[in-house]
Amino acid sequence: MPGYRTKQDRVAIAGVDDLVIRSLLDRQQFFDPLGEADRLGISSAAWPLFGLLWPSGAQLAARIALRPVRAGERILEVGCGLALASLVGHRRGADVTASDRHPLAERFLEENLRLNDLAPMKYRHGHWSDSALPPEQAGMPALCVVRGQYELVIGSDLLYEPDDSAALAGFIARHASRAGEVWIVDPDRGNRPAFNRQMAAAGFVMREERLDQPASVGAAAYKGRLLVYRRAAAAAPA
């Protein structure tokens, strides 16, 4: 992968074999010679963020490792970055589709599948931002975009900036099946209350679980929560 420096880490997730993950070396990596990221609205400062391992991504992967694999269930990871949670689900035999808007996310996914001797898995271009160009205008085939509905939609650390247009909630509402669930791991971002209101307006009810963990040998402390959403009709008692 020319143009930037990478590293490999062995990532331990309870319940599954360790994963070898190739990531960017640091936040200083930037290489967009064809302007692909720029056309998709990704600034040079934000460019490397997809290619780093984030604590909330590890939390989401740990939850996916505990979820029973269900026949017929389709899972969509939104804003997957390095797709750690998707890789965990895929390794366990779940039907997972990873999605992101970054033009290199698919290449890193393919490399990490190879490093772990895993079969190919599905990847689609998907982003909720109104400012992003449609993928066909950015030189990407229209068939590569996220389509259809999924029984479980997952994501981690997605609420990092204000979303006054409720684009993320709208994207999730379009792709979550009527009886499905949505899991968002959030490290107590300040945009969470607004997102909860937007999801409620889209017809979802929410419950949350604290995911706080103290620091331990080899692991930093974590503070955050798992937000679980279901459509109001599906969540109502029979």
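Net charge around residue 226, counting only other residues with Cβ within less than 14 Å of its Cβ (Lys, Arg = +1; Asp, Glu = -1)?
Numbers: positive: 63, 67, 189, 192, 207, 210, 223, 225, 230; negative: 157, 181, 186, 188, 208, 209, 212.
Result for the neighbourhood of residue 226: +2.
Let me know the charge dipole size of the chain about its Cα centre in debye, to the nearest 20, where only the beta-carbon of Lys, Arg (+1) and Asp, Glu (-1) is charged.
It works out to roughly 540 debye.
With Cβ to Cβ distances under 13 Å as the rule, what net charge do the other residues near residue 113 carry (K, R +1; D, E -1)?
Counting the neighbours of residue 113, the net charge comes to +1.
About its Cα centre, what dipole magnitude does the stretch 1-129 give when the only charges are +1 on Lys and Arg Cβ and -1 on Asp and Glu Cβ, stated in debye to the nearest 20? Provide the component values of the computation, followed by the final result.
Values: 17 positive and 15 negative charges, 50 e Å.
Result for the stretch 1-129 is approximately 240 debye, rounded to the nearest 20.
Work out the charge dipole of the stretch 1-74 with +1 on the Cβ of Lys and Arg and -1 on the Cβ of Asp and Glu about the Cα centre, then indicate which of 46, 34, 20 is farthest towards its positive end.
My answer, from the dipole projection, is 20.
Out of the stretch 31-97, which trypsin sites (Lys or Arg not before Pro) are coil in DSSP terms and have no more than 14 other C-beta atoms within 10 Å? Before the final figure, lay out the partial values.
Values: sites: 39, 63, 70, 74, 91, 92; in loops: 70, 92.
Here the trypsin sites (Lys or Arg not before Pro) that fit, given the DSSP loop and packing criteria, are 70.
Of the listed values (1) 54, 21, 14; (2) 37, 24, 19; (3) 26, 22, 18, identify the label whose number matches semi-axes √(5λ) of the Cα gyration tensor in Å calculated from this model.
So the calculated entry is the one marked (3).
Considering only DSSP beta bridges with both partners in the chain, what is the antiparallel share in %, to the nearest 5? Mind showing how you got there, number by number?
Working: 21 of 39 bridges.
Approximately 55 percent, going by the DSSP bridge assignments.
If I require 20 Å or longer along the helix axis, counting alpha carbons, and a Kyte-Doolittle average no lower than 1.6, what helices from the chain are left? Use full DSSP H segments.
What comes out of the filter, once short or polar helices are dropped, is none.
Calculate for the chain the 222 nm mean residue ellipticity that helices alone would give, adding -39,500 (n - 2.57) per DSSP H run of length 4 or more and normalising by residue count, nearest 500 deg cm²/dmol. Could you put the intermediate results ahead of the total?
Values: 7 runs with 58 residues, N = 238.
That comes out to -6500 deg cm²/dmol.
Sorting check: for 175-186, 16-27, which peptide has the highest mean count of neighbouring beta carbons within 10 Å, and how do the rest follow?
Order by mean packing, descending: 175-186, 16-27.
Need one word for the stretch 77-121: rounded, prolate or oblate. Basis is the Cα gyration tensor (sqrt eigenvalues a ≥ b ≥ c); a/c below 1.5 gives rounded, then a/b vs b/c decides.
In terms of gyration-tensor shape, oblate.
Every number in this text was worked out from the coordinates using simple rules, so none of it is lab data. Given the structure is predicted, the values throughout are model-derived calculations rather than measurements. As a convention, Cβ positions derive from the backbone with ideal geometry for all residues, glycine included, and neighbour counts pool all protein chains shown.
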